[in-house]
Amino acid sequence: MVNAQTGAGKDVQFSGGLRFGLPVGDFHLSHSIGIGAELQAEYKLSPNASLTGTTGFTNFIGKTETYGDYKYKMDAVGYIPILVGARYYPSTNMFVGGKVGYGILTGAGSGGAFNFEPQVGYNADKFQLALGYNALVDDGTLGHLGVTAVYKFN
């Protein structure tokens, strides 16, 4: 009984770190890069499979547009993901996965929508590096390529 209790916490890995986003599609016309932070919990189901939960905040910087003599600076847009997903580890150091949930926009683009993110990544002992395509889907798609580097706390 003691072994079961002491080993249970080792199945959940908490991590946090930085996220960089590059808007794509129509989103890149109005905004440049996004910089933010991300928190993640990962529950190992087996050596090759896990479930994840993710949240954070990324701020996308508005571009300046010029119309003749007039310049207009787009307001920044904040993005808060609330995502759950699954990962498959074909090897100890590589993973593929996907997350779905709800994405909230703050600032100039206030609102929320269905959110998904397929991703691939590198897994090390103390950190993970992930590359994914993140999209909020409502009447259209607001997407960005995201790179996340997180430090594993435990």
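The values are calculated or read from the model by the stated rules, or taken from the named source; none is laboratory data. On a predicted model such as this, the values are computed, not experimentally measured, just so you know. Positions of Cβ are generated from backbone atoms using ideal geometry, with glycine treated the same way; all protein chains shown enter the neighbour counts. Please note that ligands, DNA and RNA were not included when accessible areas were found on the heavy atoms of the full protein model with its side chains. Shrake-Rupley method; radii C 1.70, N 1.55, O 1.52, S 1.80 Å.
Note on the stretch 101-137: residues that are more than 11 Å from the chain's Cα centre (by Cα), among the charged types (D, E, K, R) and either within 16 Å of Gly36 (Cβ to Cβ) or surrounded by 13 or more Cβ atoms within 10 Å (Cβ to Cβ) (or both) amount to 0. Selection of the stretch 90-100 for residues being open to solvent by 60 Å² or more (accessible area, probe 1.4 Å) and either in a strand (DSSP E or B) or touching an Asp or Glu at 6+ places or on another chain (Cβ under 9 Å) (or both) yields Pro90, Met94, Val96, Val100.
Output the strands (runs of 3 or more DSSP E) that fall wholly within the stretch 7-87 and possess 2 or more residues being of a type in the set (D, E, K, R) and in contact with a strand residue (DSSP E or B) (Cβ under 8 Å, 6 or more places away or on another chain), or say none.
Values: elements: 12-24, 31-46, 49-62, 64-67, 70-73.
Qualifying strands (runs of 3 or more DSSP E): 31-46, 70-73.
Note on the stretch 47-77: among residues that are at pLDDT 95 or above and small (Gly, Ala, Ser), the one that is surrounded by the most Cβ atoms within 10 Å (Cβ to Cβ) is Ser50. So Val147 fits all but one of (1) out of contact with any Leu (no Cβ under 8 Å at 6 or more places or on another chain); (2) of a type in the set (Val, Ile, Thr); (3) at pLDDT 95 or above; what number is the exception? Result: Val147 fails condition (1) only.
Answer yes or no: is there a residue in the stretch 122-133 that is at pLDDT 95 or above, touching a Lys or Arg at 6+ places or on another chain (Cβ under 6 Å) and not polar (S, T, N, Q). Yes; the residues of the stretch 122-133 include at least one that is at pLDDT 95 or above, touching a Lys or Arg at 6+ places or on another chain (Cβ under 6 Å) and not polar (S, T, N, Q).
Cβ separations smaller than 6 Å between residues 6+ apart or across chains give the following pairs from the stretch 49-60 residues that are of a type outside the set (S, T, N, Q) to residues that are open to solvent by less than 20 Å² (accessible area, probe 1.4 Å) and modelled with pLDDT of 95 or more: Gly56/Gly36; Gly56/Glu38; Phe57/Gly36; Phe60/Gly34.
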